[in-house]
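Here the structure is laid out as structure tokens; the discussion comes afterwards.
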Amino acid sequence: MAHSRSAKERIRVNQKRNLHNKSLRSQYRTYVGKAEKLIEAGDLDVAGEAVRQAISVLDRTAQKRILHPNNTARRKSQLVRKLAAARAKS
């Protein structure tokens, strides 16, 4: 247990940040999941827009350091590759 006033404050701040970051992580997972489902379903016009939205959310999470920038770049690349492969099939 923290003893000093500043240590107790750090615990409170970290808990608040953890809750905020948890919601942002959930948000990017939702957008990426929607984009992947649309790509698999073959609805490529809507999937293209969903991929753009997912990339935007991923960029925001990287900017706030919730995800490492390399992790973000990898996820964006995978999404775009999946969309391109689906477009090449059809």
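Readers should treat all values here as calculations from the given coordinates under stated rules, not as data from a laboratory. Keep in mind that this is a model prediction, so the values were computed, not measured. Backbone-built Cβ (ideal geometry, glycine too); neighbour counts: all protein chains shown.
Values for this structure:
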quantity: Residue count, region 12-26 (criterion: under 24 Å from Gln53 (Cα atoms) and aliphatic (A, V, I, L, M)); calculated: 2
quantity: Pairs with Cβ under 9 Å, 6+ apart, first in region 3-28 and among the acidic types (Asp, Glu), second part of a helix (DSSP H, G or I); calculated: none
quantity: Residue check for Arg12: surrounded by fewer than 16 Cβ atoms within 10 Å (Cβ to Cβ) and outside any helix (DSSP H, G or I); calculated: no
quantity: Among residues of region 58-90, those that are in a helix (DSSP H, G or I) and buried (at least 17 other Cβ atoms within 10 Å of the Cβ), counted; calculated: 9
